[in-house]
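Before any comments, here is the structure.
The values are calculated or read from the model by the stated rules, or taken from the named source; none is laboratory data. Note that this is a predicted model, so its numbers are computed, not measured. Using ideal geometry, Cβ is built from the backbone for each residue, glycine included, and neighbour counts are taken over all protein chains shown. Surface areas here come from the heavy atoms of the whole protein model, side chains and all, with no ligands, DNA or RNA. Shrake-Rupley method; radii C 1.70, N 1.55, O 1.52, S 1.80 Å.
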Amino acid sequence: MPHRVYRQTALAKDHNAIFKGRCCFHRSPPRETMAWMESVDTLLANKDGLAAFRSFLKSEFSEENIEFWLACEDFKKTKSAAKIASKAQQIYSDFIQADAPKEINIDFNTRDRITQNISEPNLQCFDSAQRLIYSLMAKDCFPRFLKSEAYKELVNKQQNGNQKRWLPFL
């Protein structure tokens, strides 16, 4: 334990080093990091914001939500009918079916509708479930992320680092 305290103190001199081992959102400029609080869309559209949010959800044992949302986003870009069928089946078996390894929390009717239509999937077959998960992330997970110590610490460190850049005597 004393080694860990020493290590954190030694790394405190270098902002990027503090966050490098803990997460992967240390690269965004301070303005971008502050912009993440505008909306969940802004956060998800930013590569580092997405990584930070994903890391946060993982710490709360709910990363299946972002993984499902990302899988759906990728699925919607699929062009080939054969790939649509295989990707849909993979999403279904990973996230939708009962006792799936990354089962998402959706209502019975939504799950049932997808189950009935999975034999002939189309690019919209997961839209209702994706909307539910997005809503859950936007209304529940996103506000908790913005209140998390990890996010607050990042913003504070970037603001302090920015001040030091402009005020070299600090």
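Computed with a 1.4 Å probe over protein heavy atoms only, the accessible surface of region 101-154 comes to 59 Å² per residue.
At a Förster distance of 35 Å, what's the computed FRET efficiency of N160 paired with A138, Cβ-Cβ distance as r, to 0.05? Plugging the Cβ-Cβ distance into 1/(1 + (r/R0)^6) gives 0.75.
With one equal scatterer per alpha carbon and no solvent term, the Debye-computed log10 I(q)/I(0) for region 61-170 at 0.16, 0.21 1/Å reads -0.74, -1.07. Per the Debye calculation on region 74-133 with a single equal scatterer at every Cα and no solvent contribution, log₁₀ I(q)/I(0) for q = 0.17, 0.20 Å⁻¹ amounts to -0.50, -0.69. Solvent-accessible area assigned to carbon and sulfur over region 59-170 amounts to 52 percent, based on a 1.4 Å probe. The orientation-averaged projection of the convex hull spanning the C-alpha atoms of region 102-155 amounts to 5.0 square nanometres. Given their separation in residues at 0.36 nm each and the Cα-Cα distance between them, S86 and R131 gain 14.0 nm when the chain is fully extended. Normalised by 2.2 N^0.38 Å, with N the number of residues, the alpha-carbon radius of gyration of region 30-114 equals 1.25. Our coupling estimate for region 50-66, obtained by passing each phi through the Karplus curve with A = 6.51, B = -1.76, C = 1.60 and θ = phi - 60°, is 4, 5, 5, 5, 4, 4, 4, 4, 4, 5, 9, 6, 9, 5, 4, 5, 5 Hz, Gly and Pro reported as x.
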